[in-house]
Amino acid sequence: MVKVAVLPGDGVGPEIIQAAKVVLKKVEQVFGIELQLKEGAFGGVGYETYGVPFPEETKKLVEESQAVLLGAVGGTQWDALPRHLRPESALLALRKELGLYCNIRPVKYYEVLAEKVAWKSELLTGVDLLIFRELTGGAYFGTKGRKEKEAFDTIQYSWEEVERLVRRGFATANKRKRILHSIDKANVLESSRLWREVVNQVALEYPYVKVEHLYVDNAALQLVVNPQQFDVIITENMFGDILSDLAAAIGGSLGMLPSASLGGEINLYEPAHGSAPDLAGQNKANPIAAILSLALLLRFTCRKEEAAQAVEKATEEILGAGCATEDIASKNSRVVGTREMAELIAQRVDRNLF
Ligand code: IPM
Ligand code: MN
């Protein structure tokens with residue numbers, strides 16, 4: 001039995017996690033698997049309950065688990081807190097402490113959302129790409145400082161830190177279309193020049209993978225004007241953060257973007273979106289990113305590829321049938337709430353068997 005620490009967090013977190021649980025229940029029935037879920041306080045909720053965003057109780061729960069399924073953290077009411085008490089610091093600590101250096105964000109274009117995306121449909125047909133974002137280094141974790149009217153953050157990477165992420169990107173690209181885009185800012189940043197060197201070194205082991213180096217500014221432009229050229233993208237932490245939000249627009253909404261953070265013994269699955277406090281408690285949030293994050297958990301931690309695909313396929317079919325939460329609805333959609341979306345997808349997981 002796979003043990004999962006469930007950390008719903010703040011804002012829409014609890015609702016989308018509840019939605020993922022509805023789908024999971026069906027997956028368990030249909031595929032005869034069982035997950036043991038235990039909930040913990042994390043983020044703003046952790047701070048309110050225990051005075052810290054990553055309470056000891058929750059740390060213990062995580063340590064006793066094989067995976068973490070997280071909702072979202074953050075909210076304006078905690079913005080004024082010192083950095084170590086902010087909800088986001090719990091998330092960063094969780095990623096770092098578990099050694100989750102490899103964050104994978106799959107971005108997929110769904111034809112049925114054509115009206116919702118800002119691009120012309122023909123530019124997006126077939127887009128189904130993976131962003132590999134380095135998650136435990138770079139400016140997020142480098143030395144920081146603040147003096148009155150001066151502040152700094154440092155981007156620092158070791159060869160090993162870059163190499164382990166780069167290797168995962170190559171291994172995946174080699175199994176897919178054998179196209180790999182490495183994104184950096186090597187014309188300006190020393191850390192990017194190291195990055196590029198590592199990529200070129202690892203590339204020698206993968207002669208059949210076509211490697212393209214892009215500067216991050218150009219990559220942002222290319223993702224907008226020609227996203228079909230991409231399949232696997234590898235990049236450092238902050239570039240990956242920014243580019244994955246940009247790429248999420250291809251999926252029609254940030255509410256569609258799941259993520260898996262791998263590299264540790266305990267891996268983390270979470271939507272790439274925030275806690276959307278303005279939507280919280282209204283049954284309006286899009287649960288798809290959370291549901292697809294559950295699919296990634298089934299794939300990478302439970303090693304139940306069939307179950308993972310069933311969830312992904314069910315989601316695609318429900319979208320294809322015109323069901324949509326408000327964020328992805330267009331004039332012909334049948335607008336549904338968070339709960340109904342989850343129930344529809346769960347039902348479909350069943351039907352996929354026949
Ligand atoms: C993400 C989020 C986080 C990040 C925040 C909440 C710290 O934006 O997962 O993309 O910047 O990594
Ligand atoms: Mn982000």
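Key figures
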quantity: Some residue of region 270-279 being more than 16 Å from ligand 1 (Cβ to nearest atom), within 18 Å of L24 (Cβ to Cβ) and either in contact with a helix residue (DSSP H, G or I) (Cβ under 9 Å, 6 or more places away or on another chain) or not assigned by TED's automatic domain parsing to the domain that holds E161 (or both); calculated: no
quantity: Wholly enclosed helices (runs of 4 or more DSSP H) of region 19-132 bearing at least 1 residues within 16 Å of ligand 1 (Cβ to nearest atom) and over 20 Å from the mean Cα position of the chain (by Cα); calculated: 44-50
quantity: Residue under evaluation R95, criteria (1) under 15 Å from A248 (Cα atoms); (2) open to solvent by 10 Å² or more (accessible area, probe 1.4 Å); (3) touching a strand residue (DSSP E or B) at 6+ places or on another chain (Cβ under 9 Å), criterion not met; calculated: (1)
quantity: Of all residues making up region 133-157, the number that are assigned to a loop (DSSP other than H, G, I, E, B) and open to solvent by 20 Å² or more (accessible area, probe 1.4 Å); calculated: 8
quantity: Any hit, region 296-303, residues being under 28 Å from Y140 (Cα atoms) and open to solvent by less than 30 Å² (accessible area, probe 1.4 Å); calculated: yes
quantity: Answer from V188, V162, V216, V199 - the residue that is within 22 Å of I104 (Cβ to Cβ), of a type outside the set (K, R), open to solvent by 10 Å² or more (accessible area, probe 1.4 Å) and modelled with pLDDT of 95 or more; calculated: V216
quantity: Residue in region 241-252 that is on the phi > 0 side of the Ramachandran plot and not aromatic (F, W, Y) present; calculated: yes
quantity: Total residues in region 174-196, condition assigned to a loop (DSSP other than H, G, I, E, B) and within 15 Å of Q156 (Cα to Cα); calculated: 4
quantity: Matching option when the condition is open to solvent by 10 Å² or more (accessible area, probe 1.4 Å), more than 30 Å from W78 (Cα to Cα) and free of Cβ contacts under 8 Å to residues at least 40 places away in the same chain, among E306, E312; calculated: E312
quantity: Count of residues meeting criterion [closer than 25 Å to R348 by Cβ and out of contact with any strand residue (DSSP E or B) (no Cβ under 9 Å at 6 or more places or on another chain)] in region 28-72; calculated: 4
quantity: Count - residues of region 171-194 that are under 22 Å from the mean Cα position of the chain (by Cα) and in contact (Cβ under 8 Å) with a residue 40 or more places away in the chain; calculated: 10
quantity: Region 116-127, subset touching an Asp or Glu at 6+ places or on another chain (Cβ under 9 Å) and loosely packed, with under 15 Cβ neighbours inside 10 Å, residue modelled with the highest pLDDT; calculated: T125
quantity: Within region 235-249, considering residues that are out of contact with any helix residue (DSSP H, G or I) (no Cβ under 6 Å at 6 or more places or on another chain) and within 20 Å of T172 (Cβ to Cβ), the one surrounded by the fewest Cβ atoms within 10 Å (Cβ to Cβ); calculated: D241
quantity: L262 vs. criteria modelled with pLDDT of 95 or more, surrounded by fewer than 23 Cβ atoms within 10 Å (Cβ to Cβ) and more than 21 Å from L94 (Cα to Cα); calculated: no
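The values are calculated or read from the model by the stated rules, or taken from the named source; none is laboratory data. Computed from a predicted model, the values in this text were never measured in an experiment. Positions of Cβ are generated from backbone atoms using ideal geometry, with glycine treated the same way; all protein chains shown enter the neighbour counts. Protein only, heavy atoms only, side chains kept; ligands, DNA and RNA dropped before computing areas. Shrake-Rupley method; radii C 1.70, N 1.55, O 1.52, S 1.80 Å.
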